[in-house]
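In what follows, a single structure is set out as structure tokens and then discussed.
The values are calculated or read from the model by the stated rules, or taken from the named source; none is laboratory data. It should be emphasised that the depicted structure is a prediction, and the values quoted were computed from it without experimental measurement. Cβ coordinates were reconstructed from backbone atoms using ideal geometry, including for glycine residues, and neighbour counts include every protein chain displayed. Quick note on the areas: whole protein, heavy atoms, side chains included, nothing else; ligands and nucleic acids left out. Shrake-Rupley method; radii C 1.70, N 1.55, O 1.52, S 1.80 Å.
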Amino acid sequence: MAVRSYPALPTCMGCCLLLVLALMWTSITKAAPSIPAQALQHRSQLIREARVQWGMSAPTATFAAQIHQESTWYADAVSPVGAQGLAQFMPSTARWLPTVAPDTGKPLPFNPGWALRALVTYDRWLWQRVQAVTPCDRMAMTLAAYNGGLGWVQREARLAAARGLDARRWWDNVETVNAGRSANAKRENRGYPRRILLTLEPAYMAAGWGGGMCSEGGRHD
């Protein structure tokens, strides 16, 4: 009887090593989103606009992450509900912003320069109207207000305080209460600052886009 030879099966240790490597690769790719090629053409202008409003230490990686979340850097993006451009301003918000920040100029949501200026300016306007114990908590509130409205964040901060939570902490405090948003609206709103600050911001920092608001231990659990 002829004896057939078979290739040696991998050892248990080898199988485990391959599994660990696969898991590590999956973890790395999930933790480090890729930066779209189209982002690079707007990088210098974003940095300039951010420094005008926020100073030389502006958290430009945070703003880059926000634009990534909003439009994935497509200047002609239009959402199903009608939000427009890189910063995804609703037409009504685009018209309103110059009334409180005249230096943004005539609203042109599809113009990248206007959109970048408007985003960092509106973020600054919101930032000045929320209070928090850390810059990271404060930026989370700012982003939640950008996404869903300042009034909602203020109402939820008051509700958090009424329930014995810390109204000056977003993470695990204000973010846990709901002042009446629909389930879908709350889910979107809570995911918005988490993805920007905890997932996308580190990717842009690693790629050399400057500092981030939650990069220096700003989040305290």
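In nanometres, what is the gap between the two model label sites at V81 and R51, each 7 Å from Cα along Cα-to-Cβ?
3.5 nm
Expressed in nm to one decimal, what extension gain is obtained for the pair W96 and S182 from 0.36 nm per residue of sequence separation less their Cα-Cα distance? Working shown, then result.
Details: separation 86, 0.36 × 86 = 30.96 nm, distance 2.53 nm.
Here the segment from W96 to S182 would lengthen by 28.4 nm.
Subtract the Cα-Cα distance of L198 and R124 from 0.36 nm times their separation in residues, and report this length gain in nm to one decimal.
Contour length minus Cα-Cα distance gives 24.7 nm.
Roll a 1.4 Å probe over the protein heavy atoms and report the accessible area of M56 in Å², nearest 10.
Counting only protein heavy atoms, M56 exposes about 140 Å² to solvent.
Does anything in the stretch 129-156 have its amide N under 13 Å from the 7 Å Cα→Cβ label point of D166, and if so which residues?
132-138
For the stretch 53-66, in order, what is each residue's ³J(HN,Hα) by Karplus, 6.51 cos²θ - 1.76 cosθ + 1.60 with θ = phi - 60°, in whole Hz (x at glycine and Pro)?
8, 10, x, 5, 9, 3, x, 5, 5, 5, 5, 4, 5, 5
How large is the dipole of the stretch 44-113 about the Cα centre if only Lys and Arg carry +1 and Asp and Glu carry -1, each at its Cβ, rounded to the nearest 20 debye?
On the way: 4 positive and 4 negative charges, 26 e Å.
The dipole of the stretch 44-113 has a size of about 120 debye.
With every protein chain kept in the model, how would you rank T176, T104 by accessible area, 1.4 Å probe, largest at the top?
On the way: T176 75, T104 0 Å².
I get T176, T104, largest accessible area first.
What full-extension length gain, to one decimal in nm, is calculated for D103 and R155 as 0.36 nm per residue of separation minus the Cα-Cα distance? Present the calculation step by step, with values, prior to reporting the outcome.
Numbers: separation 52, 0.36 × 52 = 18.72 nm, distance 2.94 nm.
Working it through step by step, the gained length comes to 15.8 nm.
How big is the charge dipole of the stretch 74-221 about its Cα centre, in debye rounded to the nearest 20, if each Lys and Arg gets +1 on its Cβ and each Asp and Glu gets -1 on its Cβ?
Details: 18 positive and 12 negative charges, 86 e Å.
It comes to approximately 420 debye.
Roughly how much of T121 is accessible, in Å² to the nearest 10, using a 1.4 Å probe?
10 Å²
Over the stretch 148-221, with every protein chain in place, what whole percent of the accessible area is carbon and sulfur at 1.4 Å, could you tell me? Present the calculation step by step, with values, prior to reporting the outcome.
Values: 1780 of 3650 Å².
Percent of accessible area from carbon and sulfur atoms in the stretch 148-221: 49.
For F89, F110, what's the largest-to-smallest order of accessible area, 1.4 Å probe? Spell out each step's value before the answer.
On the way: F89 5, F110 95 Å².
In descending accessible area the options line up as F110, F89.
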